[in-house]
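Derivation of every value follows stated rules applied to the coordinates shown; laboratory data play no part. Keep in mind that this is a model prediction, so the values were computed, not measured. Glycine gets a Cβ as well: all are built from the backbone with ideal geometry, and neighbour counts include every protein chain shown.
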């Protein structure tokens, strides 16, 4: 048996085929447009173990919107709410409900990143701008990706402030204990019929990514529905964007349900890494986070053989994993443990994945059937299957 440890992604290149002309250093922040940022921040602090980090709003001189920044290890979420009826954010909320608007990427040179991507065909969202305060300067620039989602390149090497110019440290008496969430492992986008390959090509040509895994509707299928997915990654593996599209099935797939309620393509789920999934999930459950239903007994009976087929041995107690509904998959490099929340918004759109990679760099292909059957049970309850 090989010695398996938690996967960490450094800056060294692990996918030689990726052009990597930007290059990307990691996820900087994820910004949500929400109906009530103050309450959303409280939810993520209480239920997910995030900490108060920074704030921008009326008290800091911003009259257009309020933004609460929360942090856990390397993960930063920005929750933003418009303050006036004529804000463009109200249209975003009306169309999509609460959801992800910005997937911000940390770079050494934001202007160069914007130039490299726009000259390759990206639609500009925000031309390079220098933002300054007493702590230095940040350069930001942005491009559109699928739907109304945008990537903002963030260059902060000359900045020592808490978050970005215009934000102040958010001091709060309420900072729950972290729950072990470490970094963003991947973010999944849902796109419409026959759009997956369009966006695969976009990430290859415009951002220098590589398609390192593909799943078709024969691999991701249940009795009722199917989908297709391709995983895009930058060279160092820190930024991974699987892209899903619906496929023909007897009933409506989860991708179709998402697009119906989000009214177009968008970020379907955010996968966050932990080094102790049993502890993390137990704490989240205790704080009221709802997860998809536990796979059947037969699923867990098959786990030891699935691991031994790859010459791996499970370090965790399988009964504890089963009691929490955590799923297990294996490949040549190791195994992974994963679980998915139910949608965290009122519309059945965005959800989270908690993942612990014990050597494995895949995406739980062996769990697809059990996962999508669990999602279909939820769809049936909602009357949307």
The stretch 24-169: equivalent-ellipsoid semi-axes (sqrt of 5 x gyration tensor eigenvalues, Cα, Å): 23, 19, 15
Checking rank on 85-98, 256-269, with mean other Cβ inside 10 Å and highest first, the result is 256-269, 85-98
Just to verify a number: FRET efficiency for residue 305 and residue 137, C-beta to C-beta distance, R0 = 51 Å, to 0.05? 0.35
Nearest 0.05, what FRET efficiency do residue 83 and residue 251 give at R0 = 35 Å with Cβ-Cβ as r? 0.25
Once both axes come from the Cα atoms, what is the angle between helix 196-205 and the longest principal axis of the chain, in degrees from 0 to 90, rounded to 10? 60
Run the numbers for residue 173 and residue 297: contour at 0.36 nm per residue of separation, minus the present Cα-Cα distance, in nm. 40.3 nm
Fraction of antiparallel bridges per DSSP, the chain only, in percent to nearest 5: 80
Using the Kirkwood radius built from alpha carbon pairs, what does the Stokes-Einstein equation give as D for the chain at 37 °C and 0.692 mPa s, in µm² per second? 153
Mean Cα-pair separation over length for the chain, i.e. relative contact order, pairs under 8 Å, 6 or more apart, %: 18
Folded to 0 to 90 degrees: helix 37-48 orientation relative to the chain principal axis, Cα: 40
With runs of 4+ DSSP H residues as the only contributors, calculate the mean residue ellipticity of the chain at 222 nm using -39,500 (n - 2.57) per run, divided by the residue total and rounded to the nearest 500. -7000 deg cm²/dmol
Give the angle, between 0 and 90 degrees and rounded to the nearest 10, that separates the Cα long axis of helix 368-382 from the longest principal axis of the Cα atoms of the chain. 70
Let me have the relative contact order for the stretch 24-169, percent, based on Cα pairs under 8 Å that are six or more residues apart. 25
Using a Förster radius of 30 Å, what is the FRET efficiency between residue 381 and residue 317 based on their Cβ-Cβ separation? Nearest 0.05, please. 0.45
